[in-house]
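What follows is a single structure, written as structure tokens, with notes after it.
None of the figures in this text is laboratory data; all of them are computed from the coordinates on show. What you see is a predicted model, and the numbers here were worked out from it, not measured in a lab. Here the Cβ is made from the backbone with ideal geometry for all residues, glycine too, and neighbour counts use every protein chain on show.
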Amino acid sequence: MAKQLASDLISRRNFLKGASLGVGIPVVGTVLAACGNAPATAQSPTAMPADHNMTTAPQGQAGGGMTADEMDAHHEAGIKAFLAGKETTTKGNQPLEPKMDGDVKVFELTSSVIQWEYAKDQKVEAWVYNEQLPGPVIRVTEGDKVRVVLKNQLPESTAIHFHGVLVPNNMDGVPFITQPPIKPGASFTYEFTIRNSGSHMYHSHHNATKQVGKGQLGAFIVDPKDKSKDFAYDVEHLMILNDQVGGFTINGKGFPATEPVVAKKGQKLRIRYMNEGQLIHPMHLHGLPQLVVAKDGWPLPQPYMCDTLNVAPGERWDVIVDCTEPGAWAFHCHILSHAEGDNGMFGMVTALVIQE
Ligand SMILES: [Cu+2]
């Protein structure tokens, strides 16, 4: 077990190669240095390497009924597990390939109930699209003719609202306002021509506290027809926030099962934030400013810099990060109870890894 974990860490070290981890969060450098010198023992606090550079912790209780050393061991184990990167095998946000029907792009979605692994060995009942959380990414271009066919295998009626996408009234997906509810076992077909670009979402608009909370959500991204009108970026990362199923999650996973955001030095990284939860989440990136370029898919008349960006329920924000500083930079929600406790970091935490 320890051997397996050691090899995981080594392969992740190759993956992170050139990231100059030592200049990022110091604890990461410490973890990797310890890993190089001793067998990995992430889950075994008693086997922690002694740190002679630090003052010995007092013997009293540090919090949560633990000594300071025990607490630090939990914190270190979480970081090690994150770096190993094999906490869970499932992944949401997979691209959904359309079938062509003439010039119409046809996307097929099925709502169903599954057990979703939001953290290592932690499963929870989730109501998902196409057996993933978040649901698959629907990505189209302005001017496209789009058809979305939803098959409902939930025990409740449902409907899809295309949040932020300009659609005809009868395609807006709100039961009893624009359509009948889609009963269990039934299907419904949405069809519209894409009029506006940007970072949007699709989600249930029926018993939504429960249905969206349990995972009836996904990204709907529209690229501009004229690519020269898009923001300049080299790589992009989608970050869907939720705070019900699985607790505080980024892309359906809680730290340390979250994915790192990876870019190379010199690249411009576009992050698309989407909040499908019930709470505001101020997303804070260490080390590098975020240039905020769009709100709800609409380009801002005056982009602005920040390090912490409030992402409220229903909002989408696009930011560009100029990846000038190599290293692993902590990246987390700054409502601290969504991110860190006695047992270490959890929930809405990841890292931006900028490779040299
Ligand atoms: Cu938060």
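Considering amide H positions built from the backbone, and no H for Pro or chain starts, which residues 5 or more places from residue 237, or on another chain, come under 5 Å of its amide H?
Amide H to amide H, under 5 Å and 5 or more residues apart or across chains, residue 237 pairs with 270, 271, 272.
Once you keep just the Cα pairs under 8 angstrom separated by 6 or more residues, what percentage relative contact order results for region 232-356?
32
Which aspartates and glutamates have a Cα lying under 13 Å from the Cα of residue 86, excluding residues fewer than 8 positions away in the same chain?
8, 117, 121, 259
What net charge is computed for the residues neighbouring residue 141, neighbours being all others with C-beta under 14 Å from the C-beta of residue 141, Lys and Arg scored +1, Asp and Glu -1?
Net of charged neighbours comes to +1.
Where in region 264-330 are there trypsin sites (Lys or Arg not before Pro) that are in a DSSP coil and have at most 16 other Cβ atoms within 10 angstrom of their Cβ?
Here the sparse-neighbourhood loop sites are 265.
Of 120/265; 99/145; 91/225; 99/210, which pairs sit farther than 19 Å apart, going by alpha carbon to alpha carbon?
Violating the 19 Å limit, Cα to Cα: 120/265; 91/225; 99/210.
What list do you get for 337, 187, 199 if you sort them by fewest beta carbons within 10 Å?
Working: 337 10, 187 13, 199 24.
If I rank by nearby Cβ atoms, fewest first, I get 337, 187, 199.
Please work out the C-alpha center-to-center distance from region 307-352 to region 211-238 and express it in whole Å.
A separation of 18 Å, based on Cα centres.
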